[in-house]
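Student: I'd like to ask some things about the structure below.
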């Protein structure tokens with residue numbers, strides 16, 4: 001699936017370039033991630049939002065029919081959120097969000113905190129490859 005291409009220059013621009021439910025979903029996820037772990041470094045990288053702490057931690061990516069909420073060590077987080085689907089490198093797993101996909105704030109916070117703790121204890125997930 002292709003991501004939504006934007007002329008965004010930074011994370012704020014990325015959200016502003018989106019429309020409809022994708023914009024609302026990305027803005028809400030971004031706010032919850034930042035609330036849960038304010039020390040994360042947020043960047044526009046690879047055409048979407050990526051949050052870092054000792055390497056890449058999580059991504060938020062808008063696509064034409066979905067929004068992906070993914071974690072570099074997401075396969076280790078499936079006890080928190082069983083809908084995380086494994087795929088890709090680095091123990092990656094993503095949650096596919098559509099307009100009617102339920103996701104609790106508490107779950108987002110728990111995922112973010114657990115993922116940050118994994119990066120802090122194990123280092124950059126991309127350095128292991």
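Student: Give me a count of the residues in the range 80-103 that are farther than 18 Å from residue 61 by Cα and out of contact with any helix residue (DSSP H, G or I) (no Cβ under 9 Å at 6 or more places or on another chain).
Tutor: Count: 1.
Student: A further question follows. Hey, among the residues in the range 92-119 that are in a loop (DSSP other than H, G, I, E, B) and within 14 Å of the chain's Cα centre (by Cα), which one's surrounded by the most Cβ atoms within 10 Å (Cβ to Cβ)?
Tutor: Restricting to residues being in a loop (DSSP other than H, G, I, E, B) and within 14 Å of the chain's Cα centre (by Cα), the top hit is 92.
Student: Search the range 120-129 for residues being part of a loop (DSSP other than H, G, I, E, B) and touching a residue at least 60 places away in the same chain (Cβ under 8 Å), and hand back the single one that is surrounded by the fewest Cβ atoms within 10 Å (Cβ to Cβ).
Tutor: 123
Student: Give 55, 20 a once-over and let me know the one that is more than 25 Å from residue 118 (Cα to Cα) and either out of contact with any strand residue (DSSP E or B) (no Cβ under 6 Å at 6 or more places or on another chain) or at pLDDT below 95 (or both).
Tutor: After applying the criteria, what remains is 20.
The values are calculated or read from the model by the stated rules, or taken from the named source; none is laboratory data. This one's a predicted model, so the numbers in the text were calculated from it and none came from an experiment. Glycine gets a Cβ as well: all are built from the backbone with ideal geometry, and neighbour counts include every protein chain shown.
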